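Taking it in order: structure first as structure tokens, then the write-up.
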Amino acid sequence: MKGLKIVVLAKQVPDTRNVGKDAMKADGTVNRAALPAIFNPEDLNALEQALRLKDKYEGTEVTLLTMGPGRAAEIIREGLYRGADNGILLSDRAFAGSDTLATSYALSCTLKKMGKIDIIIAGRQAIDGDTAQVGPQVAEKLGFPQITYAEDIVSAEKGNVVVKRRLERGVETVEGKMPMVVTVNASAPECRPRNAKFVMKYKHARAVSEMQNATEDYIALHSNRPYLNIGEWSVNDIDTNAEELGLTGSPTKVKSIENVVFQAKEAKVLEPTDADMGELMKELIANHTIG
Amino acid sequence: MNNVFVYCEIEEGQVADVSLELLTKGRKLADDLKCELEAIVIGHELKGVEKQVMPFGVDKVWIADDKRLYPYTTLPHTSILVKLFEEEKPQIALMGATSIGRDLGPRVSSALHSGLTADCTSLVIGDHEDKKNKKEYKDLLYQIRPAFGGNIVATIINPDCRPQMATVREGVMKKEIVSDAYKGKVKNIDVEKYVKPEDFVIKVIERHMEKSKVNIKNAGIIVAGGYGVGSKANFDLLTELAEVIGGEVGASRAAVDAGFASHERQIGQTGVTVRPKLYIACGISGQIQHTAGMEESAMVIAINTDKNAPINAFADYVITGDIAEVLPKMIKQYKENTK
Ligand SMILES: Cc1cc2nc3c(=O)[nH]c(=O)nc-3n(C[C@H](O)[C@H](O)[C@H](O)COP(=O)(O)OP(=O)(O)OC[C@H]3O[C@@H](n4cnc5c(N)ncnc54)[C@H](O)[C@@H]3O)c2cc1C
Ligand SMILES: Cc1cc2nc3c(=O)[nH]c(=O)nc-3n(C[C@H](O)[C@H](O)[C@H](O)COP(=O)(O)OP(=O)(O)OC[C@H]3O[C@@H](n4cnc5c(N)ncnc54)[C@H](O)[C@@H]3O)c2cc1C
């Protein structure tokens, strides 16, 4: 067979980098509705690595896999717009309350069902849970080796993968055998933008749970164009042990949560214009702060 | 049995600071729990390594010495920990939240089905009552950690699975010698019995580890970048600005974690504390752990797309905008005004 079979693990996350005043509810829990949901940033770096392998090795297929609520199909569409071939949304109430271990278990059961895979590429870390645990835990559950902190998947040929890693205090190049799990850092190249052609092709791509209120015409469109159907799997589509799923399958429990707050002081507000930047530089030079 | 274990990281024969800090915390937890503290060191040419750890109050040191075990690769270290933990059944296992600990910890926890809490800032012993299932738990490890980009602090517990595993960043815990004369036992691990040939499928082809040499501590001007800088290419804009105005480049931890800047440039609670005359914070949100390291700067300029970013509370000048747009303008205007 020609080409590689690659699965990119991607998570839809609340944009914790732009947390506003209404991000927390009065009871101290996170108001997810007030935070925009985005493609986890490092998962975009992971997708780019997959797409580069696809550019390099003819016949390579890139599939996105995400576990989350129905709305998480948004990030699969985003991935299709950028060049992924297809996607699977894993969605079921049975997964609610999962910690990283239960998340990894559900993902690994799904990956086992997806047939032969050469490389699984994940982001290093999700910006909400912030643990960087899911990639290595999935690798262990599948019995695959792992290479974390990747900055560049240099090659994936003849069963071997060569990866450049960026560590806290240096860089390392390592080699390993496929099948394998790689987790990618934000220092890896940014993801390519959407491709207008793919946006046209996939803008009506929908998962089953997004088709609940679809008109007959819309349903007809989807049966005529199979590529518009985003695969959606529930717990019944994979082989699992119920005890290892969701809250029950999660050894860690959140005992309590506290909210962190900040207060403000007066400052001079500038616009990002040439005029304001010129004024700022003049002031800093005049009072000998710089220059 | 049921003791507190600390995995000790090794770089060039030296036990890492973060591991010594964890031994100090581990000693305290072991005292609270009235059990022993055990250390595990895995690597090569480890002769005498026990002398580095025992003074921190270690009752037993496990040593796995084999030339295939250094530099670190995931699988053999995982195999050794998994088997040793199955045999010794620790109640608590701690490791550094470093490139090694964050690679190894999840792998081990996945194999043992034990919970793992990442990046804890505090570890204390406490009880727990599970009201729903009417169960009482004595002496659990409360694992306290920030999440959601530092916007919340959660207390996580691990009621039923053992060991209770946690990772902690360097510099978060204090490092303290108990006594230079503290005596513990040494146990050598028979490596062959713990690893499989397949564990060596990953080969390190090339390795460049840097010794700290950047000096941002004494810089008069610091251009610091955060996660919001977004890419390595954008980080070059900071370097360019720093070069033209004669400053050094600093970074938030999120930027270091993302690989945009090296560890020695990190400013804050677990990095260096700086007091420059000018601090330009680019794409830094201004979490307390960061501002702890820069709040005494004489003047602060904050550049952030979010007009409500907490960093603005420390700023003398607030520029609301994208760094990719603002920095080139600053560079251009500086050049024009100094011609
Ligand atoms: C306040 C708080 C604290 C928490 N602390 C812990 C803790 O210490 N330990 C713990 O075990 N759990 C913890 N959790 C639970 C954890 O956040 C969730 O299990 C989450 O689903 C996965 O963890 P993460 O966000 O840290 O992902 P990470 O492990 O950081 O994600 C790494 C990569 O794995 C892939 N990935 C992750 N999730 C998915 C997904 N749903 N679908 C597809 N790919 C995915 C992505 O490629 C991602 O980049 C915590 C949750 C909260 C709310
Ligand atoms: C025990 C402990 C110790 C810690 N020690 C340290 C430490 O020593 N130093 C440290 O820094 N942190 C430390 N932290 C981490 C700290 O809590 C924060 O997570 C970290 O400082 C956040 O980094 P950041 O501001 O770069 O990233 P984020 O919080 O992700 O903020 C990014 C910011 O960039 C802005 N932004 C996004 N895009 C753009 C753009 N294009 N242009 C301009 N702005 C943009 C966003 O609005 C946001 O405000 C520690 C945490 C703990 C728990």
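The values are calculated or read from the model by the stated rules, or taken from the named source; none is laboratory data. Just so you know, these numbers come straight off a predicted model, no measurement behind them. FYI the Cβ positions are ideal-geometry reconstructions off the backbone, even for glycines, and counts take in every protein chain you see. In case anyone asks, the SASA skips ligands and DNA or RNA and just uses the protein heavy atoms, side chains included. Shrake-Rupley method; radii C 1.70, N 1.55, O 1.52, S 1.80 Å.
Modelled spin labels at B:Lys67 and B:Ala292, positioned 7 Å past Cα toward Cβ, are 4.4 nm from each other. Please list, by residue number, everything in segment A:187-209 whose backbone N is under 19 Å from a paramagnetic label point 7 Å out along Cα→Cβ of B:Ile205. Correct set: A:188-189. Taking Cα centre as origin and charging only the Cβ of basic (Lys, Arg, +1) and acidic (Asp, Glu, -1) residues, the dipole magnitude of the protein assembly as shown rounds to 460 debye. Each label was represented as a point 7 Å from its Cα along the Cα-to-Cβ direction; for B:Asp31 and A:His288 these points are 5.2 nm apart. Sort out the exposed loop trypsin sites (Lys or Arg not before Pro) in chain A (DSSP loop, at most 16 other Cβ within 10 Å) and tell me the longest stretch that has none. Segment A:26-115 is the longest. With a Förster radius of 56 Å applied to the C-beta separation of A:Ala275 and A:Lys203, the computed FRET efficiency comes to 0.90. In a fully extended conformation the segment linking A:Ser223 and A:Glu243 would gain 3.5 nm over its present Cα-Cα distance, using 0.36 nm per residue. With the convex hull drawn over the C-alpha atoms of the protein assembly as shown, the volume per residue is 172 Å³. Amide H contacts of A:Val154: A:Val162, A:Val163, A:Lys164, each under 5 Å away and 5 or more positions distant or on a separate chain (H built 1.01 Å from N in the peptide plane; Pro and chain starts excluded). Annotation note: trypsin sites (Lys or Arg not before Pro) in segment B:164-254 located in DSSP loop regions with a Cβ neighbour count of at most 10 within 10 Å are B:Lys174, B:Lys183, B:Lys211, B:Lys213. Legend: distances between Cα atoms for A:Lys116/A:Lys177; B:Lys138/B:Lys185; B:Lys34/B:Lys131; B:Lys60/B:Lys83; pairs beyond 21 Å are B:Lys138/B:Lys185; B:Lys34/B:Lys131. Here the contact order of chain A, divided by its residue count and restricted to Cα pairs under 8 Å and six or more residues apart, works out to 22 percent.
Coordinate range of the alpha-carbon atoms in chain A per principal axis, descending: 68, 47, 45 Å.
Each residue, B:Ile177 and B:Lys89, gets one label point 7 Å from its Cα in the Cβ direction; the gap between the two is 3.7 nm. At q = 0.15 Å⁻¹, what is the log10 ratio I(q)/I(0) for segment B:21-77, with the Debye formula run over Cα points and no solvent? The computed values of log10 I(q)/I(0) come out as -0.49. Measuring nothing but protein heavy atoms, the accessible surface of segment A:5-244 at 1.4 Å probe radius is 49 percent carbon and sulfur.
The H on the amide N of A:Gly231, modeled in the peptide plane, is under 5 Å from the matching H of A:Gly87, A:Leu89, each at least 5 residues off or on a different chain. Under a 10 Å cutoff between Cα atoms, tell me which one of B:Glu86, B:Glu129, B:Glu248 has the largest fluctuation in the Gaussian network model of chain B. Greatest mean-square fluctuation among the candidates belongs to B:Glu129.
Evaluated with a Cβ-only charge set (Lys, Arg +1; Asp, Glu -1), chain B carries a dipole of roughly 180 debye about its Cα centre, given to the nearest 20.
The phi torsions of segment B:312-320, fed into the Karplus equation with coefficients 6.51, -1.76 and 1.60 and a -60° offset, translate into couplings of 4, 5, 9, 8, 8, 10, 10, 10, 8 Hz, rounded to whole numbers, with Gly and Pro shown as x. In loop segments of segment A:48-151 as defined by DSSP, the GluC sites (Glu not before Pro) with at most 14 further C-beta atoms inside 10 Å of their C-beta are A:Glu58. Amide hydrogen proximity for A:Leu167: with H placed 1.01 Å from N in the peptide plane, the residues at 5 or more positions away or on another chain lying under 5 Å are A:Glu172. The loop-placed GluC sites (Glu not before Pro) in segment A:222-291, going by DSSP, that have at most 15 neighbouring Cβ atoms within 10 Å of their Cβ come out as A:Glu266. The B-A contact accounts for approximately 7500 Å² of buried accessible area, totalled over both chains at a 1.4 Å probe radius. Relative to the current alpha-carbon distance between B:Lys193 and B:Asn218, full extension at 0.36 nm per residue lengthens the span by 3.9 nm. Rounded to the nearest 20 debye, the dipole magnitude of chain A is 580 debye, with +1 charges on Lys and Arg beta carbons, -1 on Asp and Glu beta carbons, and the Cα centre as origin. Each residue of segment B:332-339 is assigned a 3J(HN,Hα), and the resulting list reads 4, 5, 5, 4, 5, 7, 10, 4 Hz, derived from the Karplus form 6.51 cos²θ - 1.76 cosθ + 1.60 (θ = phi - 60°), x at Gly and Pro. Each residue of segment A:139-153 is assigned a 3J(HN,Hα), and the resulting list reads 4, 4, 5, 8, x, 9, x, 9, 10, 9, 6, 6, 10, 7, 8 Hz, derived from the Karplus form 6.51 cos²θ - 1.76 cosθ + 1.60 (θ = phi - 60°), x at Gly and Pro.
Using Cα-Cα distances under 8 Å and only pairs 6 or more residues apart, what relative contact order does chain B have, in percent? Contact order relative to length: 14 percent.
For segment B:221-337, what Kirkwood radius comes out of the mean inverse Cα-Cα distance, in Å? Value: 13.6 Å, from the Cα pair sum.
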